[in-house]
Amino acid sequence: MSIEAEIREMVSEITEVPVEKLTPEADFFKDLNVDSLKAIEIVAAFEKKFRIIVPENDIPKIRNISQIVEYTKNIKKD
């Protein structure tokens with residue numbers, strides 16, 4: 001399973017939005033009606049799954065699946 005597919009599954013479970021409706025560019029807040037609590041849940045699940053820590057100042061920058069995938073690829077390069 002690709003990183004994007006894994007992330008889409010994870011976000012789908014948390015947001016209760018079907019995977020097929022989760023496009024890479026769908027904004028969590030504007031398009032998917034994610035509130036701040038769910039956003040924190042997404043980041044926490046993302047950190048746990050990929051064993052990383054997202055600095056607090058980076059959290060507001062992660063607004064869609066595409067950005068999570070990019071963030072993961074950049075972390076894995078280091």
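Throughout, read-outs are computed from the coordinates displayed, never taken from laboratory work. From a predicted model like this one, the values you see are computed outputs, not experimental measurements. Cβ atoms come from the backbone with ideal geometry, glycine included; neighbour counts cover every protein chain shown.
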Rounded tilt (10° steps) of 65-77 against the dominant C-alpha axis of the chain: 10 degrees
Counted charge near Asp58, where neighbours are those whose Cβ lies closer than 13 Å (Asp, Glu -1; Lys, Arg +1): -1
Scaled radius of gyration (Cα, divided by 2.2 N^0.38 Å) that the chain gives: 0.99
Between 0 and 90°, nearest 10: helix 3-15 axis offset from the chain longest Cα axis: 50 degrees
Debye, to nearest 20: dipole size of the chain, +1 on Lys, Arg Cβ, -1 on Asp, Glu Cβ: 240 debye
DSSP-assigned coil residues among GluC sites (Glu not before Pro) in the stretch 13-76, each with at most 13 further Cβ atoms within 10 Å: Glu16, Glu25, Glu56
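At most 11 other Cβ atoms within 10 Å plus a DSSP loop assignment makes a site exposed; report the longest stretch of the chain without any exposed trypsin sites (Lys or Arg not before Pro). Spell out each step's value before the answer.
Values: sites that count: Lys30, Arg51.
The reported range is 1-29.
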Degrees between helix 36-50 axis and first principal axis of the chain (Cα, 0 to 90, nearest 10): 40 degrees
Relative contact order computed over the chain (Cα-Cα under 8 Å; 6+ residues apart), in percent: 38 percent
